[in-house]
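Take a look at the structure set out below.
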Amino acid sequence: MPTYCYQAKEEKGCSLCQEGFEIVQSMKDDPMEKCPDCGNAVVRVVQAPYINRRKSTKSLLSDDNIKKHGFTKLVNEGGGKFRKL
């Protein structure tokens with residue numbers, strides 16, 4: 001179930017809705033209209049979703065993965081010379 005963020009619609013209200021709060025709701029549930037503490041009107045705030053990448057950059061740039069996808073890795077040996085791995 002997704003987490004939704006809410007904030008007070010107006011400047012009045014308790015510290016919870018003034019600062020904003022998160023709540024886990026089903027996608028089928030209607031958006032909250034009132035703060036659970038003070039009853040003040042609240043609105044849902046759009047936030048960027050959390051995206052979990054399973055592969056780290058380290059594994060994507062490994063020698064085996066680079067070779068598997070048909071790329072060539074060059075290592076700088078200094079003096080403008082590169083060695084092909």
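Condition first: closer than 30 Å to K84 by Cβ and surrounded by 12 or more Cβ atoms within 10 Å (Cβ to Cβ). Can you find one or more residues in the stretch 54-65 that meet it? Taking every residue of the stretch 54-65 in turn, at least one turns out to be closer than 30 Å to K84 by Cβ and surrounded by 12 or more Cβ atoms within 10 Å (Cβ to Cβ). So the check is Cβ under 6 Å with 6+ separation or different chains; which pairs have a first residue in the stretch 38-60 that's among the polar types (S, T, N, Q) and a second one that's modelled with pLDDT under 85 and in a loop (DSSP other than H, G, I, E, B)? From the stretch 38-60, the pairs are N40/G13.
Condition (residue is at pLDDT below 90 and polar (S, T, N, Q)) applied to the stretch 4-16: is it met by at least one residue? The answer is yes, given that some residue of the stretch 4-16 is at pLDDT below 90 and polar (S, T, N, Q). When the stretch 24-42 is filtered for residues that are exposed (fewer than 13 other Cβ atoms within 10 Å of the Cβ) and under 25 Å from the mean Cα position of the chain (by Cα), the ones remaining, listed by number, are V24, S26, M27, K28, D29, D30, P31.
The values are calculated or read from the model by the stated rules, or taken from the named source; none is laboratory data. Please read all numbers here as calculations on a predicted model, not as lab measurements. Neighbour counts run over all protein chains shown; Cβ positions are idealised from the backbone, glycine included.
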